[in-house]
Amino acid sequence: FFFQAEDGIRDFCLSRGLGDVYKRQLHNKQVMRTYVGHTEAVRDIAWTNDGRHFISAGFDKLIHYWDTETGQVVRTFTLKKYPYCVRFNPDEDKQHAFLAATAYKKIGQYDVRTGSRTQQYDEHLGVVNTITFIDNNRKFVSTSDDKKIFVWEFGIPVVIKHINEPDQHSISATCLHPNGKYVVGQSSDNKLIVYDAKAGNFKKNRKKFFDGHMSSGYLSLIHI
């Protein structure tokens, strides 16, 4: 598995500097490879389905597309603002396409084959924090510091659902349940909020939430 550097790598056995990504064996914690290419902290990492490639987003405003085995950068994408989240389209026939949520209040869609930006989703009024694919990857959900949640059809830069309730807080992290029917989001009011995503619909489940963390203003990673 990988460790990514935000304020340097921190774990029980290892401490590394900024800008590197480390591939480690889980059973003996041995470093298998160091991926050097960023000059600032790494914010996010996303894999292709087959694990042969991955992308890393850094605070140097670069997104690198890596060959996992050779450790070489295959292609580099230069952004105007910091990338906060990167996600490949999970469909096998769309693994060349990824989305990048940025501090520029926009989401860019890029093609690793050509190195070009193929689409831009521009509706948020604040930093875009997360991207989550739903509805068999036909749609994706974005959350932002503007406290809004948008649902988009992949490839079409028009919001098809807009969630902005009076008591809503910004969502800084999300995770899709393995059955694809629910999304959990970390809300800045110290709660984990559950959203129903059944049949492509997306709405808040008001009967289900988790609290107990005191993490307002901080990012807590969620895994299911």
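Structure above, values below:
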quantity	calculated
Net length gained if the chain between D211 and T118 were fully extended (0.36 nm per residue, minus Cα distance)	29.5 nm
Under Karplus coefficients 6.51, -1.76 and 1.60, residue-wise ³J(HN,Hα) of segment 96-108 in Hz, glycine/proline x	7, 10, 9, 10, 10, 8, 10, 6, 7, 6, 10, 10, x
Pair V74, D50: separation of 7 Å Cα→Cβ label points (nm)	0.9 nm
Where R43, R52, R117, R33 fall by accessible area, highest first, once all protein chains stay in place (1.4 Å)	R52, R117, R33, R43
Ordering of 91-97, 105-111, 136-142 by burial proxy (mean other Cβ atoms within 10 Å per residue, highest first)	105-111, 136-142, 91-97
Charge context of E123, other residues only, Cβ under 9 angstrom, K/R +1, D/E -1	+2
Gained length - N137 relative to K203, 0.36 nm times residue gap less alpha-carbon distance	22.1 nm
Residue-span extension gain [H162 to K181] - 0.36 nm each, minus C-alpha spacing	5.0 nm
Packing-based order for 124-133, 187-196, using average beta carbon neighbours within 10 Å, highest first	124-133, 187-196
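The values are calculated or read from the model by the stated rules, or taken from the named source; none is laboratory data. Remember, it's a predicted structure, so these values are computed and weren't measured experimentally. Don't worry about glycine lacking a Cβ; one is built from the backbone with ideal geometry, like all the others, and counts go over all protein chains shown. Side chains are part of the model used for accessible areas, which takes the heavy atoms of the whole protein and leaves out ligands, DNA and RNA. Shrake-Rupley method; radii C 1.70, N 1.55, O 1.52, S 1.80 Å.
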